[in-house]
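Quick note: the coordinates plus some simple rules give every number you see, no bench work behind them. Every value quoted in this text rests on a predicted model; they were computed, and no experiment measured them. Note that each Cβ is placed from the backbone with ideal geometry, even for glycine, and that neighbours are counted across all protein chains shown.
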Amino acid sequence: MKDYVVLVTDSNEVLGTMEKLKAHSSDTPLHRAFSVFLFNTQGELLLQQRSHKKKTWPLVWSNSVCGHLRLKETPLAAAKRRLQFELGIKKAELSVALPDYRYRAEKDGIVENEICPVLVGYTDETPAPNSDEIEAIKWIPWKKWLVEIEKHPEGYSPWCVEETQLLVKKNKI
């Protein structure tokens, strides 16, 4: 089954859809996405290493889950769908922390260009990573994570680093 992205204007008005793999290129059009920072009850953040099969940022460590919204889907519904698909997590308390986050990043000739609400969530479920999406996972205490991205931001996806900084700056975690 082909995945699609929802193309949007700068003001987030829908222009149409495009096949996800075709959309991500050196000239990726602006589209809708979301990003999730998932914590456990010990206050640890779940990080994932993106699968080697990914077109964008393969094998790069990033936040818990990222994905694209379907047409007429809310960021919350999309996040729940991808948490289950990528991590096998069915129960997570989620809320939108940064509703208007937008970024553009490039790696190896592929551009990400997204309006990307950031959600924060909590779960006690044990992740069961989908190997088509995730190479590896690890839990990291939040304070240790903040030190890690300060020392080694190049080791992580640029959106993950920037979203973390915004979550801290806006007191969302």
Original post:
Within straight cross-link reach of LYS2, meaning Cα distance under 19 Å, which aspartates and glutamates are found once same-chain residues fewer than 8 apart are removed?
Top reply: GLU19, GLU73, GLU86, GLU112, ASP132, GLU133
Original post:
lysines near LYS172 by alpha-carbon distance under 20 Å, same-chain residues fewer than 8 away left out - which ones?
Top reply: LYS80, LYS143, LYS144
Original post:
Given H placed on each backbone N at 1.01 Å, which residues far from THR17 in sequence or on other chains put an amide H within less than 5 Å of it?
Top reply: LEU7
Subject >> At R0 = 30 Å, FRET efficiency that the Cβ-Cβ distance of ASP100 and GLU19 yields, to 0.05 >> reply: 0.70
Original post:
Is it possible to state the helix-based mean residue ellipticity at 222 nm for the chain, with each DSSP H run of 4+ residues giving -39500 (n - 2.57), the sum divided by total residues, to the nearest 500 deg cm²/dmol? What is it?
Top reply: -6500 deg cm²/dmol
Subject >> LYS144 paired with PHE85, simple spin-label distance in nm, labels 7 Å along Cα-to-beta-carbon >> reply: 3.1 nm
Subject >> Under 15 Å from the LYS2 label point (7 Å along Cα→beta-carbon), backbone N, the range 80-119 >> reply: none
Original post:
In whole Å, how far is the Cα centre of the range 69-121 from that of the range 137-159?
Top reply: 19 Å
Original post:
Using a simple spin-label model with points 7 Å from Cα along the Cα→Cβ vector, what separation in nm is obtained for ASN12 and ILE137?
Top reply: 2.8 nm
